[in-house]
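To keep things clear, I will list the structure first and then write my remarks on it.
The values are calculated or read from the model by the stated rules, or taken from the named source; none is laboratory data. Since this is a predicted model, take the numbers as computed values, not measurements. With ideal geometry, Cβ positions are generated from the backbone for all residues, glycine too; neighbour counts draw on all protein chains shown. To get the accessible areas, we keep the full protein, side chains included, count just its heavy atoms, and leave off ligands, DNA and RNA. Shrake-Rupley method; radii C 1.70, N 1.55, O 1.52, S 1.80 Å.
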Amino acid sequence: RRRAFLRGVEISGTAAGNNFSLPKGPARDAQIAYVKKWIDHAAVLGAPHIRVFAGRAPKGVTREEADKWAIAALRKCCDHAGKHGIFLGIENHDSIGDADSLLRFVKAVDHEWFAVNLDSGNFRTADPYADFAAAAPFAVNVQVKVEMRMGGQVKATDLNRIAALLRKATYQGYVTLEY
């Protein structure tokens, strides 16, 4: 944190590559411990946010069941994050390919230290800009990819349109470029 400050570098956040879509047991406990460890790292860095995933469901498990497991794990981690004043931002990744799925997590977790890590390139819908707009009011961090998938085609991201959507949502956080 000291080195970053002395060099004028702001730390916008950090990330964990977790999978919470697991049943109760040692594997999910290890994932929760892993994310809590990264929350502690974020506190040392002075990062206000950590990106997390819901994860992928094990073979033979319904998405609905896996989501229940992920929500329970996220709540446990949110309590730990809140003690450090750090937001957990769930990314539209893996099983979350549309705004409706993303916002179901936000509503289900229902924690003051839980929000969205909004990734412009991870929506898998016909109109990812509509999904982006729907999720933007719940974003605590935004990652803008230089390309977006639209109806099966990869196209250059309209950065002016993204900026307008963020202004409309009154978003005031960091916007990182991911390519």
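Once you've got the Cα coordinates, tell me which of K36/K107; K59/K155; K76/K107; K37/K68 are over 26 Å apart.
K59/K155, as the Cα separations exceed 26 Å there.
Along the charge dipole of the chain, which of S95, L74, A133 sits closest to the positive end, that is, farthest toward it, with unit charges on the beta carbon of Lys, Arg, Asp and Glu (+1, +1, -1, -1)?
In the chain, that residue is L74.
Let me check against my output: what whole-number percent is the relative contact order of the stretch 91-159, with C-alpha pairs under 8 Å and at least 6 apart?
After rounding, I find 31 percent.
Measure off, as a whole percent, the carbon and sulfur share of the 1.4 Å-probe accessible area of the stretch 29-179, all protein chains present.
Using a 1.4 Å probe with all protein chains present, the stretch 29-179 comes out at 53 percent carbon and sulfur.
Relative to the Cα centre, what is the charge dipole magnitude of the stretch 29-165, using +1 at the beta carbon of each Lys and Arg, -1 at the beta carbon of each Asp and Glu, and rounding to the nearest 20 debye?
Using only the charged Cβ atoms, the result is roughly 240 debye.
Can you give me the distance in nm between label points at E112 and A126, each placed 7 Å from the Cα along the Cα-to-Cβ direction?
Each label point lies 7 Å from its Cα, and together they span 4.2 nm.
Quick one: which residues, 5+ away or cross-chain, put their amide H under 5 Å from the amide H of I90? H built at 1.01 Å from N.
The list, which skips near neighbours in sequence, is V52, A115, V116, N117.
At what distance in nm do the modelled label points of T14 and R104 sit from each other, each positioned 7 Å from its Cα along Cα→Cβ?
It is 3.2 nm.
Run the simple label-point estimate for K155 and K37 please: 7 Å along Cα→C-beta, distance reported in nm.
According to this spin-label approximation, the distance is 4.3 nm.
Hey, any idea what Rg/Rh is for the stretch 1-80, computing Rh the Kirkwood way over Cα pairs?
With Rh from the inverse mean 1/r over Cα pairs, Rg/Rh is 1.10.
R149: net charge of surrounding residues, Cβ under 13 Å, Lys/Arg +1, Asp/Glu -1, itself excluded?
Its environment carries a net charge of -2.
Within the chain, which is the longest segment that contains none of the GluC sites (Glu not before Pro) sitting in a DSSP loop with at most 16 other Cβ atoms within 10 Å?
My reading of the result: 11-111 is the longest stretch.
Using the heavy atoms of the protein chains alone and a 1.4 angstrom probe, what is the accessible area of the chain per residue in square angstrom?
54
Just subtract the alpha-carbon distance of A164 and A30 from 0.36 nm times their residue separation and send over the number in nm, one decimal.
Stretched fully, the A164-A30 segment lengthens by 44.2 nm.
Å³ per residue of the Cα convex hull, for the chain?
118
Quote the relative contact order of the stretch 11-126 in percent (integer), defining contacts as alpha-carbon pairs under 8 Å separated by 6+ residues.
27
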